[in-house]
1. For region 344-443, please list each of the helices (runs of 4 or more DSSP H) lying entirely inside it that holds at least 1 residues being more than 27 Å from Glu16 (Cβ to Cβ).
2. Is it the case that Arg302 is more than 17 Å from Leu380 (Cα to Cα), open to solvent by 50 Å² or more (accessible area, probe 1.4 Å), touching a helix residue (DSSP H, G or I) at 6+ places or on another chain (Cβ under 6 Å) and among the basic types (Lys, Arg)?
3. Among the listed residues Lys26, Lys52, which satisfies the condition of being touching an Asp or Glu at 6+ places or on another chain (Cβ under 7 Å), in contact (Cβ under 8 Å) with a residue 12 or more places away in the chain, open to solvent by 70 Å² or more (accessible area, probe 1.4 Å) and farther than 18 Å from Pro298 by Cβ?
4. Which residue out of Arg354, Arg348 is in contact (Cβ under 8 Å) with a residue 60 or more places away in the chain and open to solvent by 60 Å² or more (accessible area, probe 1.4 Å)?
5. Could you grab me the full set of residues in region 330-343 that are surrounded by 14 or more Cβ atoms within 10 Å (Cβ to Cβ) and either part of a loop (DSSP other than H, G, I, E, B) or under 26 Å from the mean Cα position of the chain (by Cα) (or both)?
6. Could you say whether any residue in region 72-92 is over 17 Å from Thr291 (Cβ atoms), in contact with a Lys or Arg (Cβ under 7 Å, 6 or more places away or on another chain) and part of a helix (DSSP H, G or I)?
7. Quick check on my filter: what residues within region 357-376 are open to solvent by 50 Å² or more (accessible area, probe 1.4 Å) and free of Cβ contacts under 8 Å to residues at least 40 places away in the same chain?
8. Can you list residue pairs whose Cβ atoms sit under 6 Å apart, with the first residue in region 271-300 being under 20 Å from Phe434 (Cβ atoms) and assigned to a helix (DSSP H, G or I) and the second being among the acidic types (Asp, Glu) and open to solvent by less than 40 Å² (accessible area, probe 1.4 Å)? Count only pairs 6 or more apart in sequence or on different chains.
Amino acid sequence: MTEQTREQKIWATVYERFDPEKPADKPWRVERKYSPAKEIVRELARPMGGHKRFMILGGLGSGKSTELMGIAEARSESGPVVFLDLVEHFEQRLGDIAALDRVQPWEVVLLVGLGVFAAAEERFGHKWDKQLRQGLEAAGRNFAEDKGNKGEFDLAKLASSVAALAGGALTVGTSGTGALVGAGLVAVSEVAKSFQFKIGIPGRTPRSDQDQAVRQLLEAVNALIGDLQSRHATRLTVFVDGLDRVKKRAQTEAMFVDSSLLGSLECDVVLTGPMALHWGSLRKQVRQFTTKILTNAPVIDRDDPRSWEPGGRGIDLCVEVFRRRTDDLGGMVAEPLLRKLAYYSGGRMREFVRLIRELSGPAWDDGLEQVNEAIVDRALDNLREETEAGLTQKHLDVLRRLLDNPDVLPDDGVVAEMLDLCLILPYPNESEWFFPHPLLLKIKLPKASG
């Protein structure tokens, strides 16, 4: 292998640090003043009011996973936390990310139960009573004959292969001492293990909340949660990331509107949900959860929405995201180009991070100290073509109406889909407003002449 130049080593490092699929680690996390994270952390810390349940809504790539991880880390400073990563679970453990769009509420409750079971044993040193183990095993066996499974339910094996993280402390005995897991959250199971229980498979008959097997499962999971909380005089907080990937409206309603299972877990719960819930009356119908919106970084100046010079205040946030990850590497991207990238990312953190990664390949090829505008424009054109793909006349009509009145979403059934696809992006202000993705302004929605 040819030895890399100094510049190539730097760009290779940039590529590794800017992974759009990974939430930002704590040293790289930048505070978002318009994020609901701080408010949720404060409310979770209050002892009054019983179990607290929050749902963070936002478009794909808006940074919900990063904010959720930050909330979990803050919460772990005062109690045990179990963080269920459904994207990793379905993609890596099941090998079927599409199944996440078919998952049923009881299947999520099952994964929560398995995650709590494994985290308590592996990370908190908790010993489950035989009766509680048998209760979860019996509840699981009710589903083991379901379509796609073979009548087996190996509790220990399944629990050890759930994609979950855990952190925090449990009090031990009457001394009040804590058994800290360690800094941040750590994995409960081995990454290589596969999950040998089929969930989210096509054709499975939906089960209602009143189904006897579903009720038995919920009771078994709540028995685990109750035992953990009462024996250690603590409050468990469960985090579920990935339910924002549910795209079908019928599935969204089945998970968050028609079912109250996730809101029936007897502990504090924080999860992510799809942006489509924000449109129409669906958000008001979400049961037992307080919904919070994570808008995109406000990279657009409403007085001059087609320019990134200076653009909205969210551009500074994106620039800070870049600098946090590259302070030790030098200035490989000049600030004017960074601001252009931030603007055309739409304030979606995942897209901004992805754009920076895309610069690294051509810059590595030429051994550049700094990227030039041609490389930046090429990366933007690639992303623009993806964003434009599949646009219909109805989409364009809705977007033009939004340009005329950004304060109100058009009353059209296609809006929910456009929110999920991030063709329409929400932004914060005194009151929330909406705008087409800036990449669509380049060609599909040109500025009117005259």
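The values are calculated or read from the model by the stated rules, or taken from the named source; none is laboratory data. The structure presented is a predicted model; accordingly, all values stated were derived computationally and were not measured. Here the Cβ positions follow ideal geometry from the backbone for every residue, glycine too, while neighbour counts run over all protein chains shown. Protein only, heavy atoms only, side chains kept; ligands, DNA and RNA dropped before computing areas. Shrake-Rupley method; radii C 1.70, N 1.55, O 1.52, S 1.80 Å.
1. Per the criteria, 373-388, 393-404, 415-420.
2. Considered against the rule, which asks whether it is more than 17 Å from Leu380 (Cα to Cα), open to solvent by 50 Å² or more (accessible area, probe 1.4 Å), touching a helix residue (DSSP H, G or I) at 6+ places or on another chain (Cβ under 6 Å) and among the basic types (Lys, Arg), Arg302 comes out as no.
3. The match here is Lys26.
4. It is Arg354.
5. Once the filter is applied, which keeps residues that are surrounded by 14 or more Cβ atoms within 10 Å (Cβ to Cβ) and either part of a loop (DSSP other than H, G, I, E, B) or under 26 Å from the mean Cα position of the chain (by Cα) (or both), region 330-343 yields Met332, Val333, Ala334, Leu338, Arg339, Lys340, Leu341, Ala342, Tyr343.
6. Yes: region 72-92 contains one or more residues that are over 17 Å from Thr291 (Cβ atoms), in contact with a Lys or Arg (Cβ under 7 Å, 6 or more places away or on another chain) and part of a helix (DSSP H, G or I).
7. Passing the criteria: Glu358, Asp365, Asp366, Gln370, Asn372, Glu373, Ala374.
8. Hits for this filter: Met275/Asp420; Ala276/Asp420.
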